[in-house]
Amino acid sequence: MTNRVDVQYFSQTMLWGQPVHEQVMVAQDIIKLIPSDVVTILDAGCGNGAVTNDLSKSWDVLGCDISEAALKNVSAPSVVADLCNLPFNDACFDLVLASDVIEHLPDEIYRQALKELARVSKKYVLIAVPYREILEAAQVTCPACGCRYHAHLHQRIYTENDLDGLLGAEFSTERMLLSGEHWKYSAPSLVSAYRELTGLDYPFENAVCPSCSTRRGSRTEEASALQIGRKIDALQAMQTFYDFEPLPYRSEIIALYCKDGQGGARISPEIPAKSESVNQLEVACLPLLKDPINYPDREYSVITAGEEKLIFLKKSPKVIEIIKGSLAGLDFYSFINQCYFPAQKLTDNLYSIDRIAFGISGFLIKLKESTEDLVLQIVYQEFKSRDEILHVCFQEFRASSQSMAKINEINELAESIEARRSELEIKLQTRDEDYKALQEKLDATNKIANELEIERVRLNNVIETLKNDKLKSNVNEERFDV
């Protein structure tokens, strides 16, 4: 079991921590699908407890995972276990949950793991997997052997048809639901173009090569390649927001299976309805989110530490007018250059925004010292063809020489920091290797010390025996003399 690359991957401590926004969204939808007659739940492959910890508030839950490192983050009861050989009796739990687990399993153990999930379930099995994932988008190249592989070791793509009948005739499909954020890309062709034009990999340091078990580690990428990558990302985003490309699929699909039943009304994954951009914004009434989201269905703001407000719009603004309240200034964010530029102030209440590209979270503007009653009227840019969007994404944005100097300074600083970080990581890896070698020597020394101690005890016993034998001999000799 320990030779499997998925075990090595999930055993990394740095892989686990607090649940991310995506995991929280999926956990909430999983809870919605749990039937009312469920009391006991096994969260099989529970990871860091992103779902388990929430479930434990309302159900009798046990988590299990192959990674001891992951289980350290689980607050509910948990055990170390392999999905291929679950240490539980048949029909032991009302519901068995496998959330973002089975897509990682190699083909040689996949079917056995599914049989185990079905075996320990009394009534239901609930499975969540990535939905229509473009696997190439998350591929990396091993720095040691050159192998190309999925950074998270996803082995297969799932659609509705793939989930139907997944657990055999004993389980019927009760319901399906889409969940999570939207994927970044809607078509494999753009993913391939990204790779061809930039040479960049999916940026994930903790990937472990399935061929030679080498951890990918950090890479210092050229600023020009990163900028081209952002231009391609902007092309995907703008074509989607302006309806020239379909909205990318939601990232997860959840399926509920019922044991020995006919199944209820199956709900196929819905197609999200499109929503139009709002022309008039009451800033105080916008949804306030912790982090930006992929392809929002409406305008929103994000939490900031200072007094400035960050607003994401669904499309590119052309003119922004203050119709109520006031603000000290307005900046817009260049997604490609990764910095803010001041909007041109036409009058006291009217700002003009340059025609620039934006990313999948929307067009970002920053409001300075705005009042609570601020209301904005927005006139959006129009793009009538893909070519117009292509031109905006790949043109050189004409910033001032002072701004460009600042951008170059920031880029140089970022590259310096990345180089230093890479250097420190190499030193850390070297230290870990030295520690491992030292530990091995210490273990060997302890082994020798233990063997010597055993030998010392044996010799002492021999000496004691000889002494006793000699003493008996002397007594016998004295008796003989008498």
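The values are calculated or read from the model by the stated rules, or taken from the named source; none is laboratory data. No experiment lies behind these values; they were computed from the predicted model shown. With ideal geometry, Cβ positions are generated from the backbone for all residues, glycine too; neighbour counts draw on all protein chains shown.
Miscellaneous remarks
- Restricting Glu160, Glu170, Glu174, Glu116 to those that are in contact with a Ser or Thr (Cβ under 9 Å, 6 or more places away or on another chain), assigned by TED's automatic domain parsing to the domain that holds Ser99 and acidic (Asp, Glu) reduces the list to Glu160.
- Restricted to segment 44-112, the set of strands (runs of 3 or more DSSP E) holding at least 1 residues that are among the acidic types (Asp, Glu) and closer than 24 Å to Leu166 by Cα comprises 60-65, 93-99.
- On the stretch given as segment 298-351, residues that are of a type in the set (Val, Ile, Thr), in a loop (DSSP other than H, G, I, E, B) and exposed (fewer than 14 other Cβ atoms within 10 Å of the Cβ) total 2.
- Some residue of segment 23-32 being surrounded by fewer than 20 Cβ atoms within 10 Å (Cβ to Cβ), modelled with pLDDT under 80 and either part of a helix (DSSP H, G or I) or outside the structural domain of Glu205 (by TED's automatic domain parsing) (or both): yes
- For the residues Val96, Val39, Val101, the requirement of being on the phi < 0 side of the Ramachandran plot and under 19 Å from the mean Cα position of the chain (by Cα) singles out Val101.
- Ala265 being in contact with a helix residue (DSSP H, G or I) (Cβ under 9 Å, 6 or more places away or on another chain) and modelled with pLDDT under 95: no
- Breaking point among (1) in contact (Cβ under 8 Å) with a residue 40 or more places away in the chain; (2) buried (at least 20 other Cβ atoms within 10 Å of the Cβ); (3) over 21 Å from Leu256 (Cβ atoms), for Leu117: (3)
- Selection within segment 236-252 - in a helix (DSSP H, G or I) and within 14 Å of Val191 (Cα to Cα): Gln236, Ala237
- Looking only at segment 207-238, and only at residues there that are polar (S, T, N, Q) and under 24 Å from Gly359 (Cβ atoms), the one that is modelled with the highest pLDDT: Gln236
- Looking only at segment 33-54, and only at residues there that are surrounded by 23 or more Cβ atoms within 10 Å (Cβ to Cβ) and at pLDDT 85 or above, the one that is nearest to Leu177 (Cα to Cα): Val51
- Sole exception among (1) modelled with pLDDT under 95; (2) among the aromatic types (Phe, Trp, Tyr); (3) closer than 30 Å to Glu174 by Cα for Trp16, by number: (3)
- Residue in segment 229-246 that is farthest from Gln395 (Cα to Cα), counting only those that are buried (at least 18 other Cβ atoms within 10 Å of the Cβ) and among the hydrophobic types (A, V, I, L, M, F, W, C): Phe241
- When residues of segment 99-109 are limited to those that are more than 15 Å from Tyr131 (Cα to Cα) and either aliphatic (A, V, I, L, M) or modelled with pLDDT of 95 or more (or both), the one surrounded by the most Cβ atoms within 10 Å (Cβ to Cβ): Leu105
- Hits in segment 134-187 - residues which are under 23 Å from the mean Cα position of the chain (by Cα), basic (Lys, Arg) and under 30 Å from Cys258 (Cβ atoms): Arg156
- Within segment 178-235, the set of residues being in contact (Cβ under 8 Å) with a residue 12 or more places away in the chain, of a type in the set (S, T, N, Q) and outside any loop (DSSP other than H, G, I, E, B) comprises Ser179, Ser192, Thr198, Gln227.
- Subset of segment 162-178 [acidic (Asp, Glu) and buried (at least 19 other Cβ atoms within 10 Å of the Cβ)]: Glu174
- Test: residue in segment 319-330 that is under 31 Å from the mean Cα position of the chain (by Cα) and in contact (Cβ under 8 Å) with a residue 12 or more places away in the chain: no
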